[in-house]
Amino acid sequence: MPIITLTTDFGNKDPFVASVKGRIYKELEEVVIVDISHEVEPFDIGEGAFIVKNSYKDFPEGTIHIVGVDDIITPQKKPIAAFIDDHYFIASDNGILSLISAEITPHEIVEINIPQLQVDSIFPTRDVFVPIACHLARGGKLSVVGNRMKQFNELYRLKAVVKDDKTIIGTVIYIDNYGNAITNISQKFFDKIGKMRNFVVRYRNNEFTTIYKNYREIVKDFDKEMDDMGKGMAIFGSSGFLEISMYKGNPNTSGAASSLYGLKKGTEIYVEFS
């Protein structure tokens, strides 16, 4: 049974999500629809990219992912469909697939051919993305729905950069429910550039010389839990990206890394190697 996932910035108050699901079921009764998230900040491409990047791999190969974030069709942001890492993605060409393809080359990308009525749609996720998703769910090919593209638009702020082979410059791209500030510096990229050298993670007036790789290490170092609650740290989290975290931080009570350190989306994080 085909699986179609939904990631949008629609929220759950309005009828938009239900409308998208209804349109899918109208075309395909036998399909599984999974909500990844509908709470992406409006038009926040980075947040949407992070959520999709860190959830799609847990679905079976061949899953179809509709990404309805900043989905309005313009001459600069046309609808696209891509086959990446054995998964299908349907989105606006607004750079939102940049994070997924940062370390994986897309197998196929097409610019979706759409009739004029759909071009003028103010609800592309329902009117454009859903028919393509249903086509793919029936076993259809990408080549039928559009013209092949060599690449899609890149959103360069989603990628960390290197300066002089000794400094990684990244940014915070996501704040999770615990107030952890997650950057666009992946562990794979860190290891590639670092080459086992000593390092310092710097942001604002703070720095770390240790990056934890699992919570066993954290518990070992922070064995006096009551005394160390609220202590900052750097860790490669479950997402595989560098996070600035607070040990047992709570945004609603004791505070969290993002609030106590003044970190927000777009804040620059530096990793300096020696």
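The values are calculated or read from the model by the stated rules, or taken from the named source; none is laboratory data. On a predicted model such as this, the values are computed, not experimentally measured, just so you know. Ideal geometry is used to build each Cβ from the backbone, glycine not excepted, and the neighbour counts take in all protein chains shown.
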Might you let me know whether the range 8-21 holds any residue that is among the polar types (S, T, N, Q), buried (at least 18 other Cβ atoms within 10 Å of the Cβ) and modelled with pLDDT of 95 or more?
yes
Per the filter on the range 147-173, residues over 30 Å from SER259 (Cβ atoms) and surrounded by 19 or more Cβ atoms within 10 Å (Cβ to Cβ) are PHE152
Among the residues of the range 24-37, write down those that are surrounded by fewer than 19 Cβ atoms within 10 Å (Cβ to Cβ) and either assigned to a helix (DSSP H, G or I) or under 13 Å from the mean Cα position of the chain (by Cα) (or both).
TYR25, LYS26, GLU27, SER37
Given the conditions (1) out of contact with any helix residue (DSSP H, G or I) (no Cβ under 9 Å at 6 or more places or on another chain); (2) in contact (Cβ under 8 Å) with a residue 12 or more places away in the chain, and given that LEU158 satisfies all but one, which numbered condition is not satisfied?
(1)
Of ILE104, ILE100, ILE84, ILE112, the only residue that is farther than 24 Å from THR183 by Cβ and β-branched (Val, Ile, Thr) is ILE112
Could you check, for the range 175-187, whether at least one of its residues is at pLDDT below 90 and crowded, with 21+ Cβ neighbours inside 10 Å?
no
Any idea which residue in the range 38-60 is surrounded by the fewest Cβ atoms within 10 Å (Cβ to Cβ), counting only those that are assigned to a helix (DSSP H, G or I) and among the hydrophobic types (A, V, I, L, M, F, W, C)?
ILE51
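One line per residue, one yes/no per condition, for (1) closer than 22 Å to TYR156 by Cβ; (2) among the small types (Gly, Ala, Ser); (3) not in a loop (DSSP other than H, G, I, E, B):
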{"residue": "VAL67", "(1), (2), (3)": "yes, no, yes"}
{"residue": "LYS77", "(1), (2), (3)": "yes, no, no"}
{"residue": "ALA82", "(1), (2), (3)": "yes, yes, yes"}
{"residue": "GLY95", "(1), (2), (3)": "yes, yes, no"}
{"residue": "THR105", "(1), (2), (3)": "yes, no, no"}
{"residue": "VAL128", "(1), (2), (3)": "no, no, yes"}
Quick check on my filter: what residues within the range 9-23 are among the polar types (S, T, N, Q) and in a helix (DSSP H, G or I)?
SER19
Tell me, yes or no, whether the range 111-121 has at least one residue that is touching a residue at least 40 places away in the same chain (Cβ under 8 Å), of a type in the set (A, V, I, L, M, F, W, C) and closer than 23 Å to LYS57 by Cβ.
no
